[in-house]
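Everything on this sheet refers to the single structure shown next.
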Amino acid sequence: MAFQLMEINETPDAPLSGRRQLYAKSDGIYEQDSGNVAVKLANVSELGNVTLTQRLYNFTGGTLNVGDVVIMDTSIMDTVATTTAPKDLRVLGTAAETIGNMAYGLFNVVSGSIAYITIAGTVAVGDWLSASSTVKKAFSVGPVRERGAFAVALSSGTNTTIRCMLYTNPELTSTGTYSYLIGGTADSINGNVNAYKFTHASATVAYLASANLPAALLSNSGIGNTTLAGYSSGGSPNTYGNSVVSGYKMPYSTETTSVNGSLALGTARFAASRCGANSSTKGYVIGGNNIANTTLTTTDKCTFSTDTMSVSTAASRTIYYGIAISDGTVAFESGGTRYTTDKRTFSTDTCAANVDSNLPIGGGWGALSFSTTGYLAIKLSGTSYSVKIPFATGVQANNANVLTQLQSYCAMFPINATNGWFIGDMSTSPFTQSSKFTLSTETYTIDNGAAMPAGRYYGASFTKGAY
């Protein structure tokens, strides 16, 4: 016997009134009306497979059928939309019935629900499913869960409708919330303890005292667990020596930075990868210079579940002040002292040169990672480049739209599926400038409202809900 849990509206055309709520307790299913009178409908032994649904409006412009994949519509309350962005983080779930356009209907949206889902391509039992480039359909990302995966297949098929179990996307509500910059410098000599918080909703930066480093650093490396914490690794109190192994952690829940001995690097160094070499389970600190100012290939891996550092596959060439873009499956690492690019595969912890991704020049590129493509840009006096690298192919291509102001070695804050910012700079005093990247048009514009309160570059940056 199977029960469907839903919100019942006695007047569907007025969804905010006349509600009776079905809810689950440890011993069964209850109904509660607007007078807070609860009636037990079924014992837990009678339930069998439970499907949890919610009524929402279909504002997609067409009919939704059972199993169609939908996302959150952020323009109107209580509505859904569709997507063609692979691995879209905004997926809510699937349609539980046929729902006409502008109609109110049932959707499977709760983790643990058994539901039907329409698929593009071939899916095997046990494969994880993400939004695909085909509207309303999911596709297989394989047997290992990746960023954006929201369901696991319970049956198999090709270009059809199958059964799945939904799992909450942990990044759905955290994506595009806040970014952070910790440490850095404004004079290329002395490190700083200060931390700054970028609020995506308002596109503003403010000083965040609680996240200040315990010790002043510049040229520290930033990595970010997309849902729980950001990390600062290595660095130096000044340009001319004393590189450190120290690792620091800033939980997003407390926004307080503290030293963590298990996060120490295996080799003291500064100017390792500035940010971006992350998946949802681990991040990498790549290259850098040791206390003798020798440039290294050394790479450390941070395992987020245990907050531990371990030696990982080295870069294919020495590099410092590099940058990375990532979709959570692979990362492309370049910039800084190198124009050549490495591809790092997270599932195998392997790294190899990828000449198709090589940049036009080395230097302090800024980089932003979105679901399918990474974007990199740099503007120096007399030099301006802008490129993009699709994660699926790893082939670098020119982006005709370039930065409109001098900017390099900045902090980089992506917001999945919409925009990103390059904030701070080492090119032009007072080193506070900000540029906004609009994904839909692939353009950069000056955004003075998002300027840093104080000049900063060579710091560790990371973003909650993004790589």
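A few notes on this one:
- Qualifying residue in the stretch 178-197 (condition: touching a residue at least 12 places away in the same chain (Cβ under 8 Å), part of a loop (DSSP other than H, G, I, E, B) and either among the charged types (D, E, K, R) or under 30 Å from Ala95 (Cβ atoms) (or both)): no
- Candidates Ala264, Ala209, Ala268, filtered to the one that is among the hydrophobic types (A, V, I, L, M, F, W, C) and either in contact with a Leu (Cβ under 9 Å, 6 or more places away or on another chain) or free of Cβ contacts under 8 Å to residues at least 24 places away in the same chain (or both): Ala209
- Of all residues in the stretch 334-379, those being under 22 Å from the mean Cα position of the chain (by Cα) and over 18 Å from Asn398 (Cα atoms) number 11.
- Single unsatisfied condition, Val285 versus (1) under 23 Å from Met426 (Cβ atoms); (2) among the β-branched types (Val, Ile, Thr); (3) surrounded by 16 or more Cβ atoms within 10 Å (Cβ to Cβ); (4) free of Cβ contacts under 8 Å to residues at least 60 places away in the same chain: (4)
- Criterion (among the β-branched types (Val, Ile, Thr) and in a strand (DSSP E or B)) met by exactly one of Thr84, Thr94, Thr60: Thr94
- The one condition in (1) over 24 Å from Ser188 (Cα atoms); (2) modelled with pLDDT of 90 or more that Gln405 fails to fulfil: (1)
- Subset tally (residues that are under 21 Å from Ser280 (Cβ atoms) and assigned to a strand (DSSP E or B)) for the stretch 226-261: 10
- Selection status of Ala215, at pLDDT 90 or above, aliphatic (A, V, I, L, M), farther than 19 Å from Asp88 by Cβ and in contact with an Asp or Glu (Cβ under 7 Å, 6 or more places away or on another chain): no
- Counting the residues of the stretch 198-211 that are of a type in the set (A, V, I, L, M, F, W, C) and either in a helix (DSSP H, G or I) or more than 21 Å from the chain's Cα centre (by Cα) (or both) gives 4.
Quick grid of which residues meet (1) in a loop (DSSP other than H, G, I, E, B); (2) of a type in the set (Val, Ile, Thr); (3) free of Cβ contacts under 8 Å to residues at least 60 places away in the same chain:
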residue: Val66; (1), (2), (3): yes, yes, no
residue: Ile76; (1), (2), (3): yes, yes, yes
residue: Leu106; (1), (2), (3): no, no, no
residue: Ile117; (1), (2), (3): no, yes, yes
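- Failed item, numbered, when Ala124 is tested on (1) within 20 Å of Asp73 (Cα to Cα); (2) surrounded by fewer than 17 Cβ atoms within 10 Å (Cβ to Cβ): (1)
- Val135 being among the β-branched types (Val, Ile, Thr), assigned to a loop (DSSP other than H, G, I, E, B) and not assigned by TED's automatic domain parsing to the domain that holds Met250: yes
- As for the stretch 265-280, it holds no residue that is outside any loop (DSSP other than H, G, I, E, B), touching a helix residue (DSSP H, G or I) at 6+ places or on another chain (Cβ under 8 Å) and buried (at least 24 other Cβ atoms within 10 Å of the Cβ).
The values are calculated or read from the model by the stated rules, or taken from the named source; none is laboratory data. Treat the numbers as computed from the prediction; the structure is a model and nothing was measured. In this analysis, Cβ positions are derived from the backbone assuming ideal geometry, glycine residues included, and neighbour counts consider all displayed protein chains.
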